[in-house]
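Trainee: Please see the structure below; I have some questions.
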Amino acid sequence: MIISQPQYFLLFVSSYALVGFLTPLMRKLAISKEILDRPNSAHKSHIEPIPYLGGVAIILGVILVTYISLLFSRSPLSNFWLVTSLIAPALAMGMIGLWDDIKTLPPFPRFIGQTITGIIVSVILIFSNSFANPTGATFLDVIVTIFWVVGICNSINFFDNLDGGAAGSVAVSTITLTYLSLSNGQSSIAAMSLVVAGATLGFLIWNRSPARIYMGDAGALFLGVLLATLTIRLEPETNSLISSFATILLLLAVPILDTSVAVFSRLRRRISPFQGGKDHLSHRLIRAGLSRKISAAILWLLSAFFCLIAIMLSHLNPILEVRIVVISVLIWLLLFVGFMKRPDF
């Protein structure tokens with residue numbers, strides 16, 4: 001499917017405008033139904049209740065813009081299948097997240113849902129033969145896919161702990177994903193990534209500090225599955241399988257870093273990794289004396305830094321490519337150690 005530059009621009013603007021319009025409506029609905037994030041536990045840092053359902057605005061925006069654009073462009077049935085294979089698992093996980101926002105689920109049912117979603121995604125990839133970077137062993141591909149889907153779901157969900165932090169970083173990642181997809185002719189992946197970028201930026205209007213609404217688990221889990229699936233399908237123009245995997249990891253290096261720091265911090269203190277806490281990157285930056293706005297900006301800049309490295313990998317010779325991968329891993333590890341040295345709470 002050939003998509004022109006004006007069409008890409010229209011996709012981005014449409015999702016940005018639609019989510020920007022829907023988010024305050026969802027805010028009013030959340031307030032009227034009392035679907036609120038109340039500061040009723042020690043790990044909550046806000047003072048007043050903040051409405052959820054921002055994730056519903058993101059979900060509606062992504063789905064409506066995507067399918068309406070397919071209908072107007074008279075796309076073949078194969079494109080509807082591709083889009084549905086991307087959106088359906090994410091939507092299912094988003095609905096579980098919405099249930100959690102409304103009723104508050106324990107971690108185990110969410111984990112089961114994430115695992116089932118990972119299995120479904122891997123089955124779809126096998127039957128459609130669309131593993132972008134297969135290992136050569138189907139069973140191993142399935143295990144890696146399930147681990148990736150569950151891991152990114154939790155990473156985005158964990159990472160959504162600061163006004164604008166997650167939304168801005170996801171926007172950076174999906175804009176980069178758009179560029180990388182366009183570079184190798186994956187127009188459908190590029191279009192979907194650009195729709196997600198527009199949706200998260202439209203939501204960011206209302207979610208930046210001081211946040212007037214949160215995306216909640218509905219938005220975080222929906223975006224987590226969508227990002228996991230889009231990145232699995234990405235075919236980076238690199239010289240080795242290791243560099244290809246590194247590109248995908250770099251796109252989400254900061255959410256992965258945040259989850260790694262929080263999980264290791266909790267294990268070190270012998271508490272459950274799924275227990276909430278003030279041990280995320282944002283909390284450590286704020287305890288260092290930075291404001292919420294500056295902390296969010298730092299997370300966005302870190303995301304942009306690793307995403308730029310991902311772009312660089314597609315333009316380097318094999319020797320430089322390996323060196324950059326090694327350097328980026330070392331930088332990530334230095335950041336991990338540096339954040340772990342900050343007080344846990």
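Trainee: Six or more apart or on different chains, Cβ under 9 Å: which pairs go from a residue in the range 202-219 that's over 29 Å from PRO109 (Cα atoms) to one that's hydroxyl-bearing (Ser, Thr, Tyr) and part of a loop (DSSP other than H, G, I, E, B)? Could you list them?
Mentor: Taking only residues 6 or more apart or on different chains, the pairs are SER209/SER291.
Trainee: Checking the structure you have, find out if any residue of the range 34-54 is small (Gly, Ala, Ser) and either in a helix (DSSP H, G or I) or closer than 30 Å to GLY185 by Cα (or both).
Mentor: yes
Trainee: Quick check, is TRP81 surrounded by fewer than 23 Cβ atoms within 10 Å (Cβ to Cβ), at pLDDT 90 or above and farther than 19 Å from GLY202 by Cβ?
Mentor: no
Trainee: PRO236 passes all but one of (1) within 20 Å of the chain's Cα centre (by Cα); (2) of a type outside the set (Lys, Arg); (3) surrounded by 19 or more Cβ atoms within 10 Å (Cβ to Cβ); (4) in a helix (DSSP H, G or I); which number fails?
Mentor: (4)
Trainee: Could you figure out which of (1) touching a Pro at 6+ places or on another chain (Cβ under 7 Å); (2) closer than 21 Å to ILE152 by Cα isn't true of ARG38?
Mentor: Against the list (1) touching a Pro at 6+ places or on another chain (Cβ under 7 Å); (2) closer than 21 Å to ILE152 by Cα, ARG38 comes up short only on (2).
Trainee: Tell me yes or no: at least one residue of the range 98-105 is within 27 Å of ARG38 (Cβ to Cβ) and at pLDDT below 85.
Mentor: Looking for residues that are within 27 Å of ARG38 (Cβ to Cβ) and at pLDDT below 85, one finds at least one in the range 98-105, hence yes.
Trainee: Does the range 253-267 contain at least one residue that is closer than 20 Å to ILE120 by Cβ and in a helix (DSSP H, G or I)?
Mentor: Within the range 253-267, none of the residues are closer than 20 Å to ILE120 by Cβ and in a helix (DSSP H, G or I).
Trainee: Restrict the check to the range 117-124 and report whether at least one residue is at negative phi and free of Cβ contacts under 8 Å to residues at least 24 places away in the same chain.
Mentor: yes
Trainee: Also, I was wondering about something else. Out of contact with any Leu (no Cβ under 8 Å at 6 or more places or on another chain), surrounded by 15 or more Cβ atoms within 10 Å (Cβ to Cβ), part of a loop (DSSP other than H, G, I, E, B) and not aromatic (Phe, Trp, Tyr), is that true of GLY277?
Mentor: yes
The values are calculated or read from the model by the stated rules, or taken from the named source; none is laboratory data. Keep in mind it's a predicted model, so treat the numbers as computed, not measured. In this analysis, Cβ positions are derived from the backbone assuming ideal geometry, glycine residues included, and neighbour counts consider all displayed protein chains.
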